[in-house]
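What follows is one structure encoded as structure tokens, with my remarks underneath.
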Amino acid sequence: MSEIKYFTPEGLQKLKDELDDLILRERPRIVQAIQEARDKGDLSENAEYDAAKEAQGLLEAKIAELQDLIFNARILDESKMDTSKVLLYSTVKIKNIKSNMMMTYAIVPEKEANFKEGKISINSPIGKGLLGKQVGEIAEIMVPAGKVQFEILEITR
């Protein structure tokens, strides 16, 4: 049995859209490539056929993974979230103690992370370091550039 994962409504819809794309667009494209390779004759020495079959196997594995993820997905009720500490789906405003630079990040599951949109993975060093912290606390986080201290300024949903 797969573990339950929590998503925002938008995050779950994005997964469903990706699954639809794989099933409705990619699967027929690969089936067509297999058919074209098969039409070229001897399959025992047909690299095109082998590559298409391998692509089909990878695609079917990805489809199965997404179907399992969607089946076990739960939508998080953001109205019941605790904003006293940083949790999954918290939006947190932090200040780098050394540079005084302020940043705002939403803490999201790995599948929803998008740094350009300010969404960082709960499994990232910063995400892990902020988890459970409260407003006013200092989080010391080891990042590739070394240890950085962030002050938690605000936590919202």
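Yes or no: Ala64 free of Cβ contacts under 8 Å to residues at least 12 places away in the same chain and within 30 Å of Arg38 (Cβ to Cβ)? Show your work before the answer.
On the way: free of Cβ contacts under 8 Å to residues at least 12 places away in the same chain: yes; within 30 Å of Arg38 (Cβ to Cβ): yes.
The answer is yes for Ala64.
Taking the condition of being of a type in the set (A, V, I, L, M), in a loop (DSSP other than H, G, I, E, B) and farther than 26 Å from Leu15 by Cα, how many residues in the stretch 77-109 meet it?
Taking the stretch 77-109 and keeping what is of a type in the set (A, V, I, L, M), we get 81, 86-88, 92, 94, 97, 101-103, 106-108.
Okay, now just the ones that are also in a loop (DSSP other than H, G, I, E, B), so 81, 86-88, 97, 101.
With the extra rule that they be farther than 26 Å from Leu15 by Cα, the set shrinks to 97, 101.
Matching residues across the stretch 77-109 total 2.
With the requirement that a residue be within 19 Å of Gly11 (Cβ to Cβ) and in contact with an Asp or Glu (Cβ under 8 Å, 6 or more places away or on another chain), what does the stretch 113-134 give you?
Lys119, Ser121, Ile122, Asn123
Kindly indicate the residue of the stretch 43-55 that is open to solvent by less than 50 Å² (accessible area, probe 1.4 Å) and of a type outside the set (Ser, Thr, Tyr) and also nearest to Lys111 (Cα to Cα) among those meeting that condition. Spell out how you get there, then give the answer.
Start the filter on the stretch 43-55 by keeping residues that are open to solvent by less than 50 Å² (accessible area, probe 1.4 Å), which leaves 46, 49, 52, 55.
In the following step, the residues that additionally are of a type outside the set (Ser, Thr, Tyr) were identified as 46, 52, 55.
Working: Asn46: 37, Ala52: 27, Ala55: 22 Å.
Residue satisfying both the conditions and the ranking: Ala55.
Among the numbered criteria (1) over 20 Å from the mean Cα position of the chain (by Cα); (2) open to solvent by 80 Å² or more (accessible area, probe 1.4 Å); (3) under 23 Å from Thr8 (Cα atoms), which one does Met142 miss?
Exception for Met142: condition (3).
So, of the residues in the stretch 106-127 that are in contact (Cβ under 8 Å) with a residue 12 or more places away in the chain and open to solvent by 50 Å² or more (accessible area, probe 1.4 Å), which turns out to be farthest from Lys85 (Cα to Cα)?
So the first thing to find is which residues in the stretch 106-127 are in contact (Cβ under 8 Å) with a residue 12 or more places away in the chain, and the list is 106-112, 118-123, 125-127.
From the residues that got through so far, the ones that are open to solvent by 50 Å² or more (accessible area, probe 1.4 Å) too are 110-111, 119, 123, 125.
Values: Glu110: 20, Lys111: 22, Lys119: 17, Asn123: 17, Pro125: 17 Å.
Filtering first and then ranking leaves Lys111.
Please determine whether any residue of the stretch 65-78 is at pLDDT 95 or above, open to solvent by 60 Å² or more (accessible area, probe 1.4 Å) and closer than 30 Å to Thr156 by Cα.
No, there is no match, as no residue in the stretch 65-78 is at pLDDT 95 or above, open to solvent by 60 Å² or more (accessible area, probe 1.4 Å) and closer than 30 Å to Thr156 by Cα.
State all residues of the stretch 25-47 that are free of Cβ contacts under 8 Å to residues at least 24 places away in the same chain and closer than 30 Å to Leu15 by Cα; if no residue qualifies, say none. Walk me through how you get there before you give the answer.
First, pick out the residues of the stretch 25-47 that are free of Cβ contacts under 8 Å to residues at least 24 places away in the same chain: 25, 28-29, 32-47.
Within the stretch 25-47, Arg25, Pro28, Arg29, Gln32, Ala33, Ile34, Gln35 qualify.
Would you check if Lys40 is part of a loop (DSSP other than H, G, I, E, B), in contact with an Asp or Glu (Cβ under 8 Å, 6 or more places away or on another chain) and surrounded by fewer than 16 Cβ atoms within 10 Å (Cβ to Cβ)? Full working, then the answer.
Values: part of a loop (DSSP other than H, G, I, E, B): yes; in contact with an Asp or Glu (Cβ under 8 Å, 6 or more places away or on another chain): yes; surrounded by fewer than 16 Cβ atoms within 10 Å (Cβ to Cβ): yes.
So Lys40 fits the description; yes.
Restricting attention to the stretch 110-157, which residues are under 17 Å from Lys5 (Cβ atoms), of a type in the set (Lys, Arg) and outside any helix (DSSP H, G or I)?
Matches in the stretch 110-157: Lys119 only.
The values are calculated or read from the model by the stated rules, or taken from the named source; none is laboratory data. Keep in mind that what you see is a predicted model, and the values were worked out from it rather than measured. Every residue, glycine as well, gets a Cβ built from its backbone with ideal geometry; the counts of neighbours run over all protein chains shown. When the accessible area is computed, the model is the full protein with side chains, heavy atoms only, and any ligands, DNA or RNA have been set aside. Shrake-Rupley method; radii C 1.70, N 1.55, O 1.52, S 1.80 Å.
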